[in-house]
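Chemist: The following block contains the structure, expressed as structure tokens.
Please treat every number below as a calculation from the coordinates, not as lab data. Not measured: the values here are computed from a predicted model. Reconstructed Cβ throughout: ideal geometry from the backbone, glycine too, with neighbour counts over all protein chains shown.
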2 protein chains.
Amino acid sequence: MFDRHRDTFAQAQEACRTRACWSPFPEMPGKYPDTEAAQARGKAAFEGQLNQPFKLDLPGVTGRTGEEVSPYTQAPLAITYPQADPDALFTAARAAMPSWAGAGIDTRIGVLMECLDRLYRDHMFEIVQAVMHTAGQSANMAYAGSGVNALDRGIEALVYAEAAMRFVTPTADWARRFGSQNIHLEKTYRLVPRGVAVCFSCASFATWNAWPSALASLATGNAVILKPHPMSVLPMAITVRVWRDVLAEAGFDPNLLTLCVDTVAEPLGKVLIKHPHCAMVDFTGSTTFGQWVEANAHPALAFTETAGCNTVVLQGADDLDAAIRSLATTMCMFSAQMCTSPQNIYLPPEVQTPGGPVPRDEVAQLLVAAVAGLVDDPKRAAMILATIQSPNTLNDLSRLAAVGRERGTVLLESRPYPHPDFPNARTATPLMLAVTPSERDLYAGECFGPASFLIACDSAEDALERATVDVSECGGLTAFVYTTDENFITRAEDAYASAGAQLTINLTGAMPLNFAAAYSDYHVTGLNGAGNATLTSLAFVASRFAIAQSRRPARAAS
Amino acid sequence: MFDRHRDTFAQAQEACRTRACWSPFPEMPGKYPDTEAAQARGKAAFEGQLNQPFKLDLPGVTGRTGEEVSPYTQAPLAITYPQADPDALFTAARAAMPSWAGAGIDTRIGVLMECLDRLYRDHMFEIVQAVMHTAGQSANMAYAGSGVNALDRGIEALVYAEAAMRFVTPTADWARRFGSQNIHLEKTYRLVPRGVAVCFSCASFATWNAWPSALASLATGNAVILKPHPMSVLPMAITVRVWRDVLAEAGFDPNLLTLCVDTVAEPLGKVLIKHPHCAMVDFTGSTTFGQWVEANAHPALAFTETAGCNTVVLQGADDLDAAIRSLATTMCMFSAQMCTSPQNIYLPPEVQTPGGPVPRDEVAQLLVAAVAGLVDDPKRAAMILATIQSPNTLNDLSRLAAVGRERGTVLLESRPYPHPDFPNARTATPLMLAVTPSERDLYAGECFGPASFLIACDSAEDALERATVDVSECGGLTAFVYTTDENFITRAEDAYASAGAQLTINLTGAMPLNFAAAYSDYHVTGLNGAGNATLTSLAFVASRFAIAQSRRPARAAS
């Protein structure tokens, strides 16, 4: 299988080296080969799975469960998944590892490239439908963000895993004099997988983190137990079924990848993490649980990606309208249910523009108008906002609006909007609050969903200072600065690098501000509370295997 | 400084790639340039420091302390070291970091290569004396193991750190179409050091782990607080003084490297580890504290190397006498006070040789005789056994001998031997016990010092099984197998790779069995309780820095 994917893999390696733009996949669903037929097949495959048991062989099945509710219809998907006994999953995973670990790097990379390719060729629009009706993403985002971009992040993880493994020579010829004697040894270095990895996926964006995380573990010879959020199982269940098929076709034990489904009422996450055979944990989800994982996974290694407050500092703009448009669009995208969505906007008293300074209130009104304009038309709202994944988010929004009215100013109320295709869709337009830094407890942390804060600061320097302190103390993945001052850029780069947020400067136009390109954009620095694992750095892969050596007197005449 | 060391560094890179034998340093003290004069200067430098305050500038000094006692004279060194307030050390370390982090990879590597070179050129025999009179090593081991081999491990760490950092391109040119619009971005990727590292060094072998650990942190832009064992401060104090001078000469803040001296009665280790600004911990020392570090260092990263039971399995030998000689020598070396010393010898009822099977009791007697023969002559004993670092080790040996008499057979009693040059030296010949697996609690863990167990097993397979289970469950760094059966080698390689001990097979002759060559032999797998950090893998360096990116619309016409 490696030969089949050799060229693509080589291109991916080059992309990771240069971090220039590259992808083997078309970004738009319309450019997918024979797209209409493929989309119809994907929809049919999805619908054929509703209201019945999901077909998946797993070891140690003890029952079935399924709690998913489509954010688009607010009706249960009524799919039941096999529930497996954790002990049985670990036992099966460990039994599956030796032949996989012994198979060699090329074989594993080839099989895993085939896993990704199989998803792309045969299941892309089935995944799209599954993501829509669990996470609530729009069809376009489900295809791009949860589909091909996630496949790209998967290939990227394979590139890094391969590079880290290749860094270890398999053999060495070693000779030295000790006193009057020559000692000549042959040495072999074996890559030993760390063990069974438990990979959590989150409710709102399951594939984008789970695919690269699971592949990083598998590529380095480990087995993986996938633990999806109970409200967002289907994308992972399809993944597990497809990859198990590919593994089996390639002659390996499919129990290298299993699924552990739990329920909201009876979560199994801690049971899996504290299992004596859990060697690694990849976690994407809430900051609270992520920090528990980091502190308690030991002796398992923990790789986390959680959340924080993503910050915007608006010192000035060459084209303020364009900056406002970009900000508004990105704040609305998928109702800000992305870990990269901007939330806190730090505003000085005046924003500098070529036409002179613009007062803060005016800037705020421009931003409010831009957001309101984007979501007024239900059809456009549906494309950008999509739906709200969890009913909890609506409750949180209501509570925040009430507090915001008391302690600040509600600049824009959140309300449901009527989805043109799904009349029962769970929707909410953005809530925008104006506050002062004395209300910091309101915004010092992630408010999941479409809520943002316009924070009145004393100056642009004060804005930058407050923003980066908040990132350091409360976590943060992305940051956005608009400025007309090159020195301010330098200071912002320094401050955000220390705080550990990935910075985008003065970006306007069609690209979503928080778009993170595989092979190019590093995701999460590990320098603040928003997670400790970077997609994709060597550190993300290099500790997933160990190096065991054997040495003996040389046998050859060499 | 990088230019001065470029050729050496390039050769080290090549050695790490091939893992063939290489070192820029002569292994024997007699081959050191103008060795007699250098040794005399080193001895004078050491003696000039006795009985007085150690000259070292540090921030936040609050007092002085010093508790070292020479294992050779059992007299206090009476050197007092400045004690610094931990808060002041962290504050100074953090202040020193920005210019160092901003200096670039070549600059840092050059300065740190100079640090190692300076130790070699101007302080090697001062280090030798300091190691002898704190750790109690022989002069030859202090020169080789704690001197040039440790310098080699330092260079090796620099090679890996440099490779991990070079893996991140500093800039990228990225362009993509979004809809009808071209987005063209310039991206910069900055390596951000993780923060202040606390580097512990152990009493018996301070330099070999601490130099590479500290250098891995420094190379990646961090600052380091060195925390030596209070009974073994001098080698680290000299290191800190020399490296601070080099850093300052190169124009950097010497507080990048400081020393934190504590006392046995009032240890500061946990204070340093739980300090809010502690970002990384490198720990070498006891398994108990090492496991506490692993479990409690969070949010700091933990890199540990502790101990375990190093195992020997004797299935057979082409030349049994030669195998016995090698085992006996290695068991005696530095009174088995090395984390790589063999301790547990698993014996089948018969050991296979070309002349027929040899009964276990006979093999045991051969080994006892070989050990006894090595230590009978005080002059040879002094060269091999050297001294006992800690009085606690003598107490442990007495207790173990008493228990061993009750629960097994004492094959060889431990006794002091008269050191020919140091009549007051703290010495002990090896204690050898014969036991059955029912006494496993005696040997399931490290018995620090010259104690070994001959364990009666049912068969060679039983011996291999017990040995590798003990490694898995109790930790273990090295393993030694002698066999005449190629299939047994294959099974041993598999079993020890899973258990995570670095295996040496059928080695006889002049090389100490547990000799670990920098650039070639990986030290610690991380797969069992003997530590989680490998000298040197990418995982040892790759998480010591983070990657912060900044992207903005491209300015050039490119």
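Chemist: What is the mean number of Cβ atoms from other protein chains located within 10 Å of the Cβ atom of each residue in peptide B:179-192, rounded to a whole number?
Modeler: 4
Chemist: Under the rule of at least 5 residues apart or a separate chain, name every residue whose amide H is placed under 5 Å from the amide H of residue A:547.
Modeler: Long-range HN contacts for residue A:547: A:192.
Chemist: Taking square-rooted eigenvalues a ≥ b ≥ c of the alpha carbon gyration tensor, is segment B:454-498 rounded, prolate or oblate, where a/c under 1.5 means rounded and, failing that, a/b exceeding b/c means prolate?
Modeler: Since a/c reaches 1.5 but b/c is at least a/b, the shape of segment B:454-498 is classed as oblate.
Chemist: Note down the net charge around residue A:366, summing +1 for each Lys or Arg and -1 for each Asp or Glu among other residues with Cβ under 14 Å from its Cβ.
Modeler: -3
Chemist: Quick one: with label points 7 Å out along Cα→Cβ, list the inter-copy distances for residue B:173 in nm, shortest first?
Modeler: Those separations, rounded to one decimal, come out as 4.3 nm.
Chemist: Antiparallel versus total DSSP beta bridges in chain A: what percent is that, nearest 5?
Modeler: 40 percent
Chemist: Using only helices, what value at 222 nm comes out for chain A when you add -39,500 (n - 2.57) per DSSP H run of length 4 or more and divide by the total residues, to the nearest 500 deg cm²/dmol?
Modeler: -13500 deg cm²/dmol
Chemist: Can you compute 3J(HN,Hα) from phi for each residue in segment A:2-18, using the Karplus curve 6.51 cos²θ - 1.76 cosθ + 1.60 with θ = phi - 60°, rounded to whole Hz and x for Gly and Pro?
Modeler: Here the 3J(HN,Hα) series is 5, 4, 4, 10, 4, 5, 4, 5, 5, 5, 5, 4, 5, 5, 5, 6, 8 Hz.
Chemist: Quick one: check the C-alpha center-to-center distance for segment B:263-292 versus segment B:191-218, whole angstrom.
Modeler: So the two Cα centres are separated by 13 Å.
Chemist: How far, in degrees from 0 to 90, does helix A:320-332 lean away from the longest principal axis of the Cα atoms of chain A, to the nearest 10?
Modeler: Taking the Cα atoms of chain A, the angle to A:320-332 is about 60 degrees.
Chemist: Can you tell me what share of the DSSP beta bridges in the protein assembly as shown is antiparallel? A percent to the nearest 5 is fine. Can you show the working numbers first?
Modeler: Values: 58 of 142 bridges.
Antiparallel: roughly 40 percent of the beta bridges in the protein assembly as shown.
Chemist: Each residue of segment B:496-506 in turn: what ³J(HN,Hα) in whole Hz from Karplus with 6.51, -1.76, 1.60 and θ = phi - 60°, glycine and Pro shown as x?
Modeler: Calculated HN-Hα couplings, in order: 6, 5, 5, 6, x, 10, 7, 9, 10, 10, 6 Hz.
Chemist: May I ask you to list the trypsin sites (Lys or Arg not before Pro) in segment A:513-558 that are in a DSSP loop and have at most 14 other Cβ atoms within 10 Å of their Cβ?
Modeler: Hits after loop and neighbour filter: A:555.
Chemist: Which shape class applies to the protein assembly as shown: rounded if a/c is under 1.5, otherwise prolate when a/b exceeds b/c and oblate if not, where a ≥ b ≥ c are the square roots of the Cα gyration tensor eigenvalues? Display every interim value, and only then the final one.
Modeler: On the way: a/c = 2.32, a/b = 1.59, b/c = 1.46.
The shape class here is prolate.
Chemist: If you restrict to DSSP beta bridges whose two residues both lie in segment A:420-558, what percentage is antiparallel, to the nearest 5?
Modeler: Around 10 percent antiparallel, to the nearest 5.
Chemist: Could I ask something else about it? How long are the three semi-axes of the equivalent ellipsoid for chain B, computed from the Cα gyration tensor as the root of 5 times each eigenvalue, in whole Å, largest first?
Modeler: Its equivalent ellipsoid spans semi-axes of 42, 29, 21 Å.
Chemist: At residue B:73, label 7 Å along Cα→Cβ: distances to the other copies, nm, ascending?
Modeler: 8.8
Chemist: Here is a further query. If you count, for every residue in A:20-30, the Cβ atoms of partner chains within 10 Å of its Cβ, what is the mean?
Modeler: Values: counts 7, 9, 2, 1, 0, 0, 0, 3, 2, 0, 0.
The per-residue average across the peptide is 2.
Chemist: Apply the a/c threshold of 1.5 to the C-alpha gyration tensor of segment B:359-458 and tell me whether it is rounded, prolate or oblate.
Modeler: oblate
Chemist: Still on this model: Which distances, in nm and shortest first, link the residue B:376 label point to the same label point in every other copy, taking 7 Å along Cα→Cβ?
Modeler: For residue B:376, the inter-copy label distances come out at 10.4 nm.
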